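Remarks on the structure that follows.
The values are calculated or read from the model by the stated rules, or taken from the named source; none is laboratory data. Just so it is clear, the model here is predicted, and its values are computed rather than measured. Cβ coordinates were reconstructed from backbone atoms using ideal geometry, including for glycine residues, and neighbour counts include every protein chain displayed. Ligands, DNA and RNA are excluded from the accessible area calculation, which covers all protein heavy atoms including side chains. Shrake-Rupley method; radii C 1.70, N 1.55, O 1.52, S 1.80 Å.
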Amino acid sequence: MSDFTLVLLAAGNSTRFKIPVKKQWLRIGHDPLWFYVTNRIKESLPDVAVVLAAHPDEVPFISSMCDFTVVSGGETRQQSLKNALQHVSTPYVIVSDIARACVDSELLLTLIGRKEEGDVIVPALDVIDTVTYRNETIERDQVKRIQTPQLSKTSVLRRALDTDQEFTDESSAIVAAGGTRVFVPGDPRAAKLTHASDTAVLECLDAPSSIVFTGNGFDVHPFEEGKPMVLGGVTIDSPFGFKAHSDGDVAIHALIDALLGAACLGDIGMLFPDTDAVYKNIDSRVLLKRCVEKLHNFGFVIAHADITIIAQTPKISPYKDEMRRVLASLLHLPLSRINVKATTTEHLGFIGRKEGVGVISTASVHYFDWKNG
């Protein structure tokens, strides 16, 4: 069993990234960045255990895509690290950030080779430019740019983080607690991905795959008298609506499932469980908007959607164009990539008996091409 656990921090909100895709979900080929970075390190350290701290909303999705230990991150980097350390049982821990994408195997082996020399082993780069602080020039030989990954003695790091003071890296916390820090040469190629423009200088990152993914969705709702009918985001003239936890917009529900299916992100019940009171009678347009934001955050671009509404009643034809306009707006697509069709069951089955409506939807997505803008 390895003496090391790798902790990767991926719980941030990417507020400085300034594009719809969260940086941890940029696609490298088919792999999201968090998966690519983890496996790149594991190629050098195949026996290392992995604990990944993710945004709480993303934990179920990340857990379904890997066999790492995935934990909920906190409001700060330090709290995310403390959460991850609860799952570390090895004497040493290697901590890095998902944004530090191009970590070289030589740097990792250097850290491990010097593990006994201090409480924390830290890669650092010298500063070659003149540095000023509050209008005073500082001796640049005394200034270092700290990088990750950092290798720490687990017990020492836990004690150092048992404080309310916030630190931006492990070594600062350990030194503040009286521990020893040893510097090793850093790697300029292991730059941190902070802004979207940084992708241009990270040579280890390949472009996303150009493959297109297709998903389908199907949903059915029975009628309920005395409730407004909303279908495809449009209010329908009808004496009854749909029996459902939300507003019952069966067309949007099927569309959400198609989008999630194309992105392999589960289903509508996983994203918006009907056991949660917050979704009681909610406008399904709000659900679709959140679904679209989720797909964009996770590195997908919606290409098209096709919806077939199966209803004996009400008559759908007068509303199809308005449905297309509403759905196009919610999906951020031109009308030319939204199609709405309607058919009946020729009076067969529960739909034919005018007891409810069924909808089939198909949608396609592709990865956001961060390489070419």
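Some notes on this structure:
- Among the numbered conditions (1) over 23 Å from Thr76 (Cβ atoms); (2) part of a loop (DSSP other than H, G, I, E, B); (3) open to solvent by less than 70 Å² (accessible area, probe 1.4 Å); (4) not small (Gly, Ala, Ser), the only one that Ile112 does not meet is (2).
- All of (1) out of contact with any Leu (no Cβ under 6 Å at 6 or more places or on another chain); (2) modelled with pLDDT under 95; (3) within 26 Å of Gly12 (Cβ to Cβ); (4) not basic (Lys, Arg) hold for Ala99 with one exception: (1).
- From the list Thr163, Thr180, Thr148, the one residue that fits, being of a type in the set (Val, Ile, Thr) and closer than 27 Å to Arg40 by Cβ, is Thr148.
- Hits in segment 207-245 (condition: of a type in the set (A, V, I, L, M, F, W, C), over 22 Å from Leu330 (Cα atoms), surrounded by fewer than 19 Cβ atoms within 10 Å (Cβ to Cβ) and in contact with an Asp or Glu (Cβ under 9 Å, 6 or more places away or on another chain)): Ala207, Phe240
- Considering residues of segment 80-98 that are more than 20 Å from Asp119 (Cα to Cα) and in a helix (DSSP H, G or I) only, the residue most open to solvent (accessible area, probe 1.4 Å): Asn83
- Every listed requirement among (1) free of Cβ contacts under 8 Å to residues at least 40 places away in the same chain; (2) open to solvent by 20 Å² or more (accessible area, probe 1.4 Å); (3) assigned to a helix (DSSP H, G or I) is met by Ser155 save one, (1).
- Total residues in segment 69-79 satisfying the condition of being without any contact (Cβ under 8 Å) to a residue 40 or more places away in the chain, surrounded by fewer than 20 Cβ atoms within 10 Å (Cβ to Cβ) and not polar (S, T, N, Q): the figure is 1.
- Residue match in segment 256-263 (condition: open to solvent by 40 Å² or more (accessible area, probe 1.4 Å) and either over 27 Å from Glu355 (Cα atoms) or at pLDDT below 95 (or both)): no
- Among residues of segment 13-50, those that are of a type in the set (A, V, I, L, M), over 30 Å from Ile112 (Cα atoms) and buried (at least 19 other Cβ atoms within 10 Å of the Cβ), counted: 1
- Sole exception among (1) open to solvent by 10 Å² or more (accessible area, probe 1.4 Å); (2) in contact (Cβ under 8 Å) with a residue 40 or more places away in the chain; (3) outside any strand (DSSP E or B) for Val59, by number: (2)
- Gly179 being in a loop (DSSP other than H, G, I, E, B) and open to solvent by less than 30 Å² (accessible area, probe 1.4 Å): yes
- Filter result for the condition that a residue is more than 23 Å from the chain's Cα centre (by Cα) and free of Cβ contacts under 8 Å to residues at least 60 places away in the same chain, over Gly232, Gly248: Gly248
- Cβ pairs under 7 Å, 6+ apart, first in segment 9-35 and free of Cβ contacts under 8 Å to residues at least 40 places away in the same chain, second of a type in the set (D, E, K, R) and in a loop (DSSP other than H, G, I, E, B): Ser14/Lys22
- Within segment 249-361, helices (runs of 4 or more DSSP H) holding 3 or more residues that are over 30 Å from Ala196 (Cβ atoms): 250-262, 320-331, 349-352
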